[in-house]
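Trainee: One structure, pasted below without further comment.
The values are calculated or read from the model by the stated rules, or taken from the named source; none is laboratory data. Just so it is clear, the model here is predicted, and its values are computed rather than measured. Positions of Cβ are generated from backbone atoms using ideal geometry, with glycine treated the same way; all protein chains shown enter the neighbour counts.
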Amino acid sequence: MKIGYFISSQKPSGTDSVTALNEQIKLVQYARDQGWDSFFTGQHYLCEEDIQMLQNIPVLSRLKAEAGHMTLGIGVLLINLLNPVFLAETVATMDVIAEGNMAFGVGLGYRDVEFDALGVPKGQRLKRFLDCLDLVKRLWTEDEVSFESDYCVLDKVKLNMRPIQKPYPPIWFAANSDPAVKRAAHLGDTLFINPHATTQTIDRQMQLYRSELDSIGKPFPKELPCIKEVFCAKDKKTALEMARPFLESKYADYARTGQDKALPDDEISWDDLPFEELMKDRFVLGSPEECYEGLLPYLHMGVNHLIIRTSWIGMPYSTTLQSMRLFSEEVVPALKKESKKLA
């Protein structure tokens, strides 16, 4: 069982970005010193008017200098928004910075404002994603690549800047919808389980993922990662008091930008859904014992790399650190003990 820290790079507009970054450095250092295994952060452009966000590639590069043994996790890049050559060389460079200790997460995206700004027509989003993923793999492995489209023309080129890992870094395939879960089985090295769906939906999609792997004769991945929204405190009441304002605001932003619309039909729309209903079977908030019990079903699904997001927009550094400390001291040992039993 590996434990990862998901960095919250989004802050309220007007936040002192230097101070915020220095706080994230301290949290990564804490995770490193406690023996956590990885650190991740995601990507968005043109966030809501009250949110500012540092871009993940330079942030991860800076944090790797502090992270020691920890795996660098690109979690995720919205690859259909990027030029494939830029993407291939940038990710290869990141693998060098990580000394070959890196996971490459990819996602399709869902926000219209990003696609519109970067010139990806609605009807071409999936095709651009698939083309880009295929082209990046080819650039990393082939000596001569040709490709032509309205956004990229290659004529027998060879990419000399290649990753340390061969043939390339493990591709973690983020998926919300059922079709995306099936694509993950075919195109990814592992499924990168999302934090947004309920445990019931994830359990059903894991069965779908396993079935799809079986149908193509592909083995179950050795590493199965999952992001979860977690806040650990002395009891459930305290956890809710400390985390709710920030987690509720985060998911209100998700609802405004359509994150819930990317989920399968068995998920309820988040529009006007009370927080008490939203959190059920979705978030893990409470005492160490309650956090352990809330995460246990994922171990039984096969998850062996659990990535914890325990900070959301506007949460003070000290509050995040309290949750990380309690989680690290009491929950992590119990999860690792249980994982050994299941191995």
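Trainee: Taking the conditions exactly as written (surrounded by 20 or more Cβ atoms within 10 Å (Cβ to Cβ) and free of Cβ contacts under 8 Å to residues at least 60 places away in the same chain), does Val28 satisfy them or not? It would help to see each step written out before you state the result.
Mentor: Numbers: surrounded by 20 or more Cβ atoms within 10 Å (Cβ to Cβ): yes; free of Cβ contacts under 8 Å to residues at least 60 places away in the same chain: yes.
Yes; evaluated as a whole, the condition is true for this residue.
Residue-wise test of (1) in a loop (DSSP other than H, G, I, E, B); (2) surrounded by fewer than 18 Cβ atoms within 10 Å (Cβ to Cβ).
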position	(1), (2)
His196	yes, no
Asp214	no, yes
Glu223	yes, yes
Lys234	yes, yes
Thr238	no, yes
Ala255	no, yes
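Trainee: Would you confirm whether any residue within region 285-296 is modelled with pLDDT under 95, polar (S, T, N, Q) and at negative phi?
Mentor: Within region 285-296, the subset modelled with pLDDT under 95 is none.
Looking through region 285-296, none of the residues is modelled with pLDDT under 95, polar (S, T, N, Q) and at negative phi.
Trainee: How do the pairs read when you match residues in region 32-50 that are closer than 16 Å to Cys226 by Cβ with residues anywhere that are of a type in the set (D, E, K, R) and modelled with pLDDT of 95 or more, using Cβ under 7 Å and keeping only pairs 6 or more apart or on different chains?
Mentor: Close Cβ pairs (under 7 Å, with a partner that is of a type in the set (D, E, K, R) and modelled with pLDDT of 95 or more) amount to Asp37/Lys2; Ser38/Lys2.
Trainee: Which is outside any helix (DSSP H, G or I), without any contact (Cβ under 8 Å) to a residue 60 or more places away in the chain and either under 26 Å from His305 (Cα atoms) or over 17 Å from the mean Cα position of the chain (by Cα) (or both), of Leu130, Leu191, Leu154, Leu159? If you could, list the steps in order and put the result at the bottom.
Mentor: Details: Leu130 fails: outside any helix (DSSP H, G or I); Leu154 fails: without any contact (Cβ under 8 Å) to a residue 60 or more places away in the chain; Leu159 fails: without any contact (Cβ under 8 Å) to a residue 60 or more places away in the chain.
Leu191 is the lone residue from the list that is outside any helix (DSSP H, G or I), without any contact (Cβ under 8 Å) to a residue 60 or more places away in the chain and either under 26 Å from His305 (Cα atoms) or over 17 Å from the mean Cα position of the chain (by Cα) (or both).
Trainee: Which one of these does Gln34 not meet: (1) closer than 30 Å to Met301 by Cα; (2) crowded, with 20+ Cβ neighbours inside 10 Å; (3) not hydroxyl-bearing (Ser, Thr, Tyr)?
Mentor: Of everything listed in (1) closer than 30 Å to Met301 by Cα; (2) crowded, with 20+ Cβ neighbours inside 10 Å; (3) not hydroxyl-bearing (Ser, Thr, Tyr), Gln34 misses just condition (2).
Trainee: Here's another thing I want to ask about it. Look at region 262-280 and say how many of its residues are modelled with pLDDT of 90 or more and within 14 Å of Pro179 (Cβ to Cβ).
Mentor: 3
Trainee: Would you check if Pro288 is touching a strand residue (DSSP E or B) at 6+ places or on another chain (Cβ under 7 Å) and crowded, with 16+ Cβ neighbours inside 10 Å? Even if it seems obvious, please write down each step before you answer.
Mentor: Working: touching a strand residue (DSSP E or B) at 6+ places or on another chain (Cβ under 7 Å): yes; crowded, with 16+ Cβ neighbours inside 10 Å: yes.
Answer is yes for this residue.
Trainee: Among the residues of region 220-256, write down those that are closer than 18 Å to Ala175 by Cβ and at pLDDT below 95. Don't jump to the end; show me each part of the working.
Mentor: Start the filter on region 220-256 by keeping residues that are closer than 18 Å to Ala175 by Cβ, which leaves 220-221, 223-229, 254.
Matches in region 220-256: Tyr254 only.
Trainee: Of the residues that sit in region 309-343 and are within 24 Å of Glu248 (Cα to Cα) and of a type in the set (D, E, K, R), which one is surrounded by the fewest Cβ atoms within 10 Å (Cβ to Cβ)?
Mentor: Of everything passing the filter in region 309-343, Arg325 is surrounded by the fewest Cβ atoms within 10 Å (Cβ to Cβ).
Trainee: Out of all the residues in region 151-160, which are out of contact with any Phe, Trp or Tyr (no Cβ under 6 Å at 6 or more places or on another chain) and within 18 Å of Leu133 (Cβ to Cβ)? Break it down stepwise before answering.
Mentor: Narrowing region 151-160 to residues out of contact with any Phe, Trp or Tyr (no Cβ under 6 Å at 6 or more places or on another chain): 151-153, 155-160.
Passing the criteria: Tyr151, Cys152, Val157, Leu159.
Trainee: Right, something else. Among Glu223, Glu229, Glu212, Glu241, which is the only one that is in contact with a Phe, Trp or Tyr (Cβ under 6 Å, 6 or more places away or on another chain) and not β-branched (Val, Ile, Thr)?
Mentor: Values: Glu223 fails: in contact with a Phe, Trp or Tyr (Cβ under 6 Å, 6 or more places away or on another chain); Glu212 fails: in contact with a Phe, Trp or Tyr (Cβ under 6 Å, 6 or more places away or on another chain); Glu241 fails: in contact with a Phe, Trp or Tyr (Cβ under 6 Å, 6 or more places away or on another chain).
Step by step, each of Glu223, Glu229, Glu212, Glu241 is checked, and only Glu229 is in contact with a Phe, Trp or Tyr (Cβ under 6 Å, 6 or more places away or on another chain) and not β-branched (Val, Ile, Thr).
Trainee: If you don't mind, there's one more thing I want to ask. Do you know which residues across region 296-308 are surrounded by fewer than 22 Cβ atoms within 10 Å (Cβ to Cβ) and in contact with a strand residue (DSSP E or B) (Cβ under 6 Å, 6 or more places away or on another chain)?
Mentor: Tyr298
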